[in-house]
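**Student:** What follows is a single structure, and I will ask about it in a moment.
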Amino acid sequence: MSATGDVHATTPPPAGPPTGHRNVFVLSGGASRGAVQVGMLEVLLDAGIVPHALVGTSVGALNAAYLAADPTHDRVRELRGKWLQLTTRDIFPGGTLTRVGHLVRQRPYLFSSAALTRLVEDWKPVDRLEDLPTPVRVVTTPLAGDGAVYHRHGDLARLLLASAAVPAVFAPVELPASCGHPGLHVDGGVADNVPVAGAADLAPTRVFVLDASVPARLPRGRTPIDVLVASLGVAIRVGPQADLGPSVPVHRMTTPDRGVRMTDFSATREHVADGRAAAHRALEEMHRVEQAQRAAQATPAPARRGVRLWDRRERVA
């Protein structure tokens, strides 16, 4: 669906784990900062909070799809291991001369997508998005469209590649009609980097936002990537925020900016630790609010003293 839904899929999502809530996890984009989501997932699962469905943009879509195959502690441990092995060249290959060569040849990207494609193929748990045991929405931005597309079916590798195709950094990805919205697509973060809106049709009773997006910052250098990331950050922060209504609490987890470039994977351990700390804070706040609500519901309303008719006549007399 583009802002309103994928018209090619009308089957309701299957039921998730048996809990008192229907939890939907929303995972933002964030490039190398996507490691914070690993720490957040560890804490959420430790607390017994398991996703019934997930929504992901860019690196968040990659993390979401990986977890959706088996949302357990073991699976998150495997995901942590993959993140700790990542290096810049695993996703952004080549040096300055390579990037200059792409510009001279008038290619619409600074980096070849070959390395990212290999990573996606290695991480994807199934071939088709709709075959994931836990439902996932993958967010992309169609170049010929007017908003985000929240895919619920299609070739998983192509969708994940498109969702992470940062404009000018990687080439746009051509999606076939079988993905529900054919044409060229780029990074889902352009249209919806923190895709809470994608949770609307997943019938959540609670939403947990695992936000790895870049805080407001000035570009550290004058490279095209620095300027592009900062510019996209502005567009993302001024975009409208989805509102799921007062009956669906949204618990947001954010982490401080370590000043690490989005292509730098040297601080992965620190990012995971930041994610754990952020999740602990969010859960403490959630429990505080829930306790206050229970206390308010348990407090009896003040008794209203009835006035008998003869008492009223005596007062008048």
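**Student:** Quick query: amide H of V209 versus all other amide H atoms, modeled in the peptide plane; which residues come in under 5 Å with a sequence gap of 5 or more or a different chain?
**Tutor:** V26, H251, R252, M253
**Student:** Please work out how much accessible surface T140 shows to a 1.4 Å probe, ignoring ligands, DNA and RNA, in Å² rounded to 10.
**Tutor:** 0
**Student:** What ranking, highest mean first, results for peptides 120-133, 266-279, 34-47, 287-300 when packing means the other Cβ atoms within 10 Å averaged over each residue?
**Tutor:** Details: 120-133: 15.6, 266-279: 19.7, 34-47: 24.4, 287-300: 9.2.
Taking the mean over residues of other Cβ atoms within 10 Å, the ranking is 34-47, 266-279, 120-133, 287-300.
**Student:** Under the rule of at least 5 residues apart or a separate chain, name every residue whose amide H is placed under 5 Å from the amide H of L110.
**Tutor:** V169, F170
**Student:** So how do 149-158, 244-253 stack up, highest first, on mean other-Cβ count within 10 Å? Please report the intermediate quantities before stating the final value.
**Tutor:** Working: 149-158: 24.4, 244-253: 14.3.
Output ranking for 149-158, 244-253: 149-158, 244-253.
**Student:** A further question on this structure: Of all the accessible heavy-atom surface of the range 141-188, with the other protein chains kept in place and a 1.4 Å probe, what percent is carbon and sulfur? Could the numbers behind the result be given before it?
**Tutor:** On the way: 920 of 1480 Å².
Carbon and sulfur: 62 percent of the exposed surface of the range 141-188.
**Student:** Run through the DSSP bridge list for the range 138-201 and note the antiparallel percent, rounded to the nearest 5.
**Tutor:** Restricted to the range 138-201, the bridges split so that about 90 percent are antiparallel.
**Student:** Using a basic spin-label model with each label point 7 Å from the Cα along Cα→Cβ, how many nm lie between D127 and D90?
**Tutor:** 2.6
**Student:** On a C-alpha basis, how far is the centre of the range 183-203 from the centre of the range 49-72 in Å? Whole number, if you could?
**Tutor:** 14
The values are calculated or read from the model by the stated rules, or taken from the named source; none is laboratory data. In this text the structure is predicted, and so the values were computed from the model without any measurement. Positions of Cβ are generated from backbone atoms using ideal geometry, with glycine treated the same way; all protein chains shown enter the neighbour counts. Note: accessible area is taken over every heavy atom of the protein model, side chains too, but ligands, DNA and RNA are not part of it. Shrake-Rupley method; radii C 1.70, N 1.55, O 1.52, S 1.80 Å.
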